[in-house]
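Heads up, the thing below is written out as structure tokens.
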Amino acid sequence: MQLNQIKSKKRRVTPSDKHQLSTSQERCQIHKYLTLNHQNINKSQKYQILDQIGQGSYSTIFIVENKLHGGYYAMKKVLQDPKQINRELEIHMNMNHPHIAPLRDYYYSVENKVKYLHLVMDLYQGNLKNAIRVPLKRVAKQLFQALEYLESQHVMHRDLKPANILYQSGNIYLADFGSSKKMDGSKSLSYVCSRAYRAPELLFGQIFYNTKIDIWAAGCILAELELGKQLFFGQNTVDQIVEICKFLGTPNELEKAELGCQFQIPNLQAKKLNIYLQSIKKNQLQ
Ligand SMILES: Nc1ncnc2c1ncn2[C@@H]1O[C@H](COP(=O)(O)OP(=O)(O)OP(=O)(O)O)[C@@H](O)[C@H]1O
Ligand SMILES: [Mg+2]
């Protein structure tokens with residue numbers, strides 16, 4: 001007898017009902033497990049690993065061949081740490097934009113009791129870290145189009161850097177949604193983004209921020225493409241703030257209070273952009 005039948009009859013559940021219920025629920029669960037596992041078995045057999053092309057902190061990226069339908073793809077195998085919130089799949093699978101690497105397929109696997117998520121994506125030639133002679137204006141336009149889309153989806157990427165922007169034939173494709181988060185008004189970690197691309201509010205430890213942190217990172221990336229080296233390169237958090245102040249000047253007391261600044265920063269004057277960029281190129285900053 002099913003749960004809704006028991007509920008509709010409005011009578012007490014007898015031990016025999018309980019037995020029937022548990023067995024039918026168990027059967028349902030076994031069916032679900034088998035279906036899921038069957039899918040997984042098929043999918044892990046569907047993709048044959050050919051080569052490793054990347055290594056991240058929690059993931060390995062492979063070139064795979066789709067044995068069923070043909071074609072080569074990139075597969076990111078990501079460790080699923082049960083102690084961490086894994087948002088990557090949910091966010092990436094809902095992305096739909098010409099300058100965001102589309103997610104084509106995914107499945108989970110368990111190896112030695114460790115769970116992995118496998119994300120199958122189109123395979124791109126490289127990324128902005130290793131690309132040479134990129135068309136700057138075109139890349140800038142595409143990057144901001146992708147960021148405008150992220151903003152419309154209320155998603156903060158939170159790890160924009162050249163290596164996370166895939167590049168092929170003059171076009172870019174945002175990737176790596178491993179640190180991304182939907183803006184839901186909740187507190188967020190300030191320790192996100194690689195230091196060179198970390199927005200001042202993050203460096204100052206703010207836990208309420210928004211998609212503007214990605215705009216800051218995008219600016220740093222575009223400047224880096226032009227300069228051939230990182231725009232702001234600090235050895236630690238305070239050093240990074242000082243590097244930024246060498247260009248933008250030290251914030252005044254009111255701005256410091258708004259930013260929640262708790263650091264001692266030397267009093268630095270803002271510089272004109274061209275003078276600052278020239279000095280970076282010549283590496284003459286004091
Ligand atoms: N679809 C793809 N096509 C080609 N190369 C890719 C693709 N996806 C990722 N890569 C390569 O693998 C590298 C690592 O991928 P990704 O950034 O997604 O992993 P990660 O573990 O989050 O890395 P990290 O922690 O270093 O940011 C990328 O910088 C890129 O060079
Ligand atoms: Mg990455």
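The values are calculated or read from the model by the stated rules, or taken from the named source; none is laboratory data. Because the structure is predicted, anything quoted here is derived from the model rather than measured. Quick reminder, even Gly has a Cβ in these numbers, built from the backbone with ideal geometry, and neighbours come from all protein chains shown.
Listed here are the residues, each with its yes/no results for (1) in a loop (DSSP other than H, G, I, E, B); (2) touching a residue at least 24 places away in the same chain (Cβ under 8 Å); (3) out of contact with any helix residue (DSSP H, G or I) (no Cβ under 6 Å at 6 or more places or on another chain).
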residue: Asn210; (1), (2), (3): yes, yes, yes
residue: Asp214; (1), (2), (3): no, yes, no
residue: Leu222; (1), (2), (3): no, yes, no
residue: Gln230; (1), (2), (3): yes, yes, no
residue: Val242; (1), (2), (3): no, yes, yes
residue: Ala257; (1), (2), (3): no, no, yes
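Taken across region 68-78, residues that are among the hydrophobic types (A, V, I, L, M, F, W, C), near ligand 1 (Cβ under 9 Å from one of its atoms) and farther than 28 Å from Glu224 by Cβ do occur, with at least one present.
Every residue, every condition in (1) away from ligand 1 (no atom under 16 Å from the Cβ); (2) among the small types (Gly, Ala, Ser); (3) more than 21 Å from Ile91 (Cα to Cα); (4) surrounded by 18 or more Cβ atoms within 10 Å (Cβ to Cβ), yes or no:
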| position | (1), (2), (3), (4) |
| --- | --- |
| Arg158 | no, no, no, yes |
| Ile172 | no, no, no, yes |
| Ala196 | no, yes, yes, yes |
| Glu201 | yes, no, yes, yes |
| Phe204 | yes, no, yes, yes |
| Thr211 | yes, no, no, yes |
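In region 154-204, which residue that is of a type in the set (A, V, I, L, M) and assigned to a loop (DSSP other than H, G, I, E, B) is farthest from ligand 2 (Cβ to nearest atom)?
Met183
For region 234-266, the set of residues classified as within 26 Å of the chain's Cα centre (by Cα), surrounded by 12 or more Cβ atoms within 10 Å (Cβ to Cβ) and at pLDDT 90 or above consists of Gly234, Thr237, Val238, Asp239, Gln240, Ile241, Glu243, Ile244, listed by residue number. What are the residue pairs meeting all of these: first residue in region 270-283, first residue assigned to a helix (DSSP H, G or I), second residue among the aromatic types (Phe, Trp, Tyr), Cβ atoms under 6 Å, and 6 or more apart or on different chains? So the pair list comes out as Tyr276/Phe247.
Taking the conditions exactly as written (in the same structural domain as Cys245 (by TED's automatic domain parsing), surrounded by 18 or more Cβ atoms within 10 Å (Cβ to Cβ) and either aliphatic (A, V, I, L, M) or more than 10 Å from ligand 1 (Cβ to nearest atom) (or both)), does Ala163 satisfy them or not? No, not satisfied.
Within region 108-126, does at least one residue satisfy the condition of being of a type in the set (Val, Ile, Thr), farther than 15 Å from Ala175 by Cα and surrounded by 13 or more Cβ atoms within 10 Å (Cβ to Cβ)?
No, because not a single residue in region 108-126 is of a type in the set (Val, Ile, Thr), farther than 15 Å from Ala175 by Cα and surrounded by 13 or more Cβ atoms within 10 Å (Cβ to Cβ).
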